[in-house]
Structure formats: C-alpha cells, structure tokens
Amino acid sequence: LVAQLLVESGMLGLAGAALGAAIAYAGVRAFLLFAPAGLPGATTIGVDARVLLFTAGVGMLTAIVFGLMPALHLARFGSSGDPMRGSERNATGSRGARRLRSVLVIAEVAVSLVLVAQAGWLLRSFIRMSQADLGFRMNGVVEIPLSVPTPADGGAESASAAWNRRMEAIRESMARVRGVQGVTFGLSMPLEWTGGATCCYSTRPDFAGKERSDRSSVTHPVSDDFFDVFAVRFAAGEAWPRGASGGAPYPAVVNEQLANQVYRGAGAAVGATFALGDRDFRIVGVARNTRHYGIDQPYEAAVYIPASAIPFAPDNVTMAVLVDRTDDALAADLRAAIWRAEPTLPVPAINPIAELARQDSAHRRFDAVLFGSFSGIALLLMAGGLAGTLLYMVSLQRRSLGIRLALGATPRDLERGVLMSGVGLAAIGVIIGTIGAWFAGRLIESRLYGVEARDVRTLGLAVSVLMLIALLSSWIPARRAAVTNPIESLRAE
C-alpha cells in the first residue's frame, strides 16, 4: 500500500510538472511580448531541456516528499491491529497532521498576500506614471535623431554659423511637408537626447548680482520654435520670438526649478542676466518644469538658450516635428524633406514621442504584469488549497457531522462552522502576510512612482480580496457539510 501511494503521488507529480511546463512555455511567450527593450538576457529566455529536466525533478521531489507522509501514516495506522476500523481521530489524522494542513494553508495565504500587495503597488505606480503630466505636448510630435558631420573648413565660430545654416535649411525643408505644423531642433529634445547619457550640456551659469554657486544646471540649446512645438507653458515672461536670437545679450529661458533656486520666484527671474562661458544672456521667460529625461526623473534646474548661441558645431542633433497626420507615408515624406536639404545625411529613426514615453514606462509596465501574473497564480493556488483542505476535513468528519445533526444541530450551524474554520485560517495567514508585505515593500521601493512602498489603501484592498476569495473557497465545503445526511453518514460508519 505504501508503494502504491508513492506511485500514485509520483504520477500526480509528473502530471502536474507536465502541465506546469506547458503553462510555462505559453507564459514565456507572453512574457517576451511585455518585456521591455534592452532587458538583459531576454533573448536567452525559453523552455529548453534543462528547464524540462528541472521541472520534472521538482515534480518528482514534491510527489515523494508529500506522498511519503500519508504513506507512513497509513503504515502506522495499518500496524495498530485494527486496520479496517478505527476511531475518527485516527481517520482524520493526528493532531500534528491537522496542524500541518493548517500551516500549509496559512502559508499559502501569507505568500499570496505578499505577492498581491506588491502587484497592487506596482500597478498603481504604473497607472500614476501613465497619467503623469510631463509638462510638454505628447500627441502629434515625432523626433528624429541625426548625426551631422562637422564642417572641416574655418574656425570654431564659422563652423558654428555653418552648422546653424544647415540646420535651418533642414528645418525649412521639413516645414514644407504636408501636415507639418512646426519644426524645431536642438541638442536635447524631451525623452530623446543625442549628446550624452543624461544631459548634453551641464553648466554652472554665473548669475549677475548672485553669489557664485556650485549648483549646476542643464543647458538645452534649442531653435526658436521649441516652446511652440512642445506647447511648454510659462510661469512668467515668454519665449524669445523667431529671429531674436542673433546676438549678445542672447535671450534665454529658465525653468521654475532654477528660478526658485536662484531668484526665489519666477517673476524676479525675468530680465535678469547671466553668463555662460564668454557669452551673456538675458532671461526673457520662466518655463514650467518639465520631465525632460523621463517620467520618473526629478525636475532639474534647466536653462534654454538659442542653438545659434553655442560656440561650436555639434555632431549630433535631434529634430522635433509637430504633425497633424499619422499615415504610413509620413516617415517617407519627412526623410525626403531632410534629404532635399542634406542628400547624404543618414536618417536612422523617426520616433513618435508618445512611443518614447511608452518605452520609458515599459519597465514598470513589465513589473506590474509580472507580479500580477504571479499573484494571480498564487490566488488560484490559495483558493484551491483552502477549498481542498476543507473538503478533505469535511469528508473525514462525516460521522461527527451526522451525530451533531442527529443531536439537534442545524445545517446552518455546520455550514457556519466550516466557514469559520476556513476564514479563521485565512485570517491568520493575512496577519502574517501583512507583516511580510510591509517589509517586502522596501524591496520594490525604487520601482515605484507616485506611490509609497507601504501604501495602506492598496494593502487594505489586497487583504479584502484575499478574505473574499477565502470566503468563497470555504463556501463549497460548507455547503457540503450542511447537506450531510445523518442516516447515511452513520450507516457508512
């Protein structure tokens, strides 16, 4: 009998492992669909022979470990001298066996709560990020990174002037494309920068009348139409008009972050002057803060200066185009416009800024999907484990249930008792899981945006979901206990 039980549990383990491998194969394909670009090792993820062997080994080990305990119990029960009959205490198992079943259910609930709570925090974080205001226009703007070779002739100043003439020629050519409402260019465009890993131009402006500060700012050289194309709002002043960036003092725009740091307010910054290197600038406006380098990046002190004011010819630049069309021919038309001005210039990509924003939040979307999938599986296992444990307990206690009914207990009393057993186990698991989730939240704190790692509302919602599932999982065993026929249960004994 012991060997038979081990064989049966082994077959169940292998069947479960096979089903798990099939689900894993389908899950990996879905996993890769949501995986963000550049995920390390994404190309090597798959279900191969090593994964199948590992899965089979885990299935067999699980079957042996959890099949051996009832087999040993049966061996002890059979050696008691009365193998065909025994008290219900023997049938239901020892106190240790009952405690083990309860511990397994409690552990399932606790682990499920930790996963559900973290999935909830990540989901709320992704929703907050999707709804975040970056401070600039998202719809209808496409960005085109270009590599513009530096002219070999002339000095630095003439090279800068030649570069600006070439960029203006490209801008004017693109402006004539059907559906184009505005064109701008610069060393650093929102969510797309070509001059460096984090910024293109980190400086320490010398503000007139202000004490020299070690605080650095990010300087964005952009063309005249930048603020119109991206619909950047202003807290004070306005953008410099087209053609007003021809000479010193050059016009400049700072953001609220810098205005508050240096001038203690946007209004006081307008009209102030500062120097960058050997060039003088006058602040004509204070722009609202924008999240230039990503949705989850903090506001940085920023200075916007005319592209014509930089004393060198950049090798890399990004064009930004505001369009009112989305047809398939748009990319070809924009490339053709660039090539009319610069026939040999490579145009590697045309990126809608909305797509860049989607890529920027891809890691958090992936986290939410991944944890959500794991928590969903955990909830199914928890519901099945709780329902299975209670059904097993009800089937073993048919005699005591029949006696209670014969002595005057009502079916509702039996139903309530089983429900309370299931909910009680779930409540203990929820208490332990809440503590675990509270500490586990610190592990994902860096992955959250706009949500605290221990957000009580999300944790409370997760607890409510688990308790509701526990109640529903306990209802079927409770109904089975309520419909127990005392005559049939006693006759079976």
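Here are a few things to note about the model shown:
- Residue match in the range 49-71 (condition: part of a helix (DSSP H, G or I), more than 30 Å from Leu379 (Cβ to Cβ), outside the structural domain of Leu466 (by TED's automatic domain parsing) and modelled with pLDDT of 70 or more): yes
- Qualifying strands (runs of 3 or more DSSP E) (wholly inside the range 150-239; at least 2 residues being modelled with pLDDT of 90 or more and more than 27 Å from Gln297 (Cα to Cα)): 180-186
- Filter result for Ala268 (assigned by TED's automatic domain parsing to the domain that holds Gly186 and without any contact (Cβ under 8 Å) to a residue 24 or more places away in the chain): yes
- Among the residues making up the range 253-262, those that are in contact (Cβ under 8 Å) with a residue 12 or more places away in the chain, touching a helix residue (DSSP H, G or I) at 6+ places or on another chain (Cβ under 9 Å) and not in a strand (DSSP E or B) are Glu256, Leu258, Ala259, Val262.
- Output for the range 263-281, where each listed residue is under 26 Å from Thr318 (Cβ atoms) and in a strand (DSSP E or B): Phe274, Leu276, Arg279, Phe281
The values are calculated or read from the model by the stated rules, or taken from the named source; none is laboratory data. Just so it is clear, the model here is predicted, and its values are computed rather than measured. Positions of Cβ are generated from backbone atoms using ideal geometry, with glycine treated the same way; all protein chains shown enter the neighbour counts.
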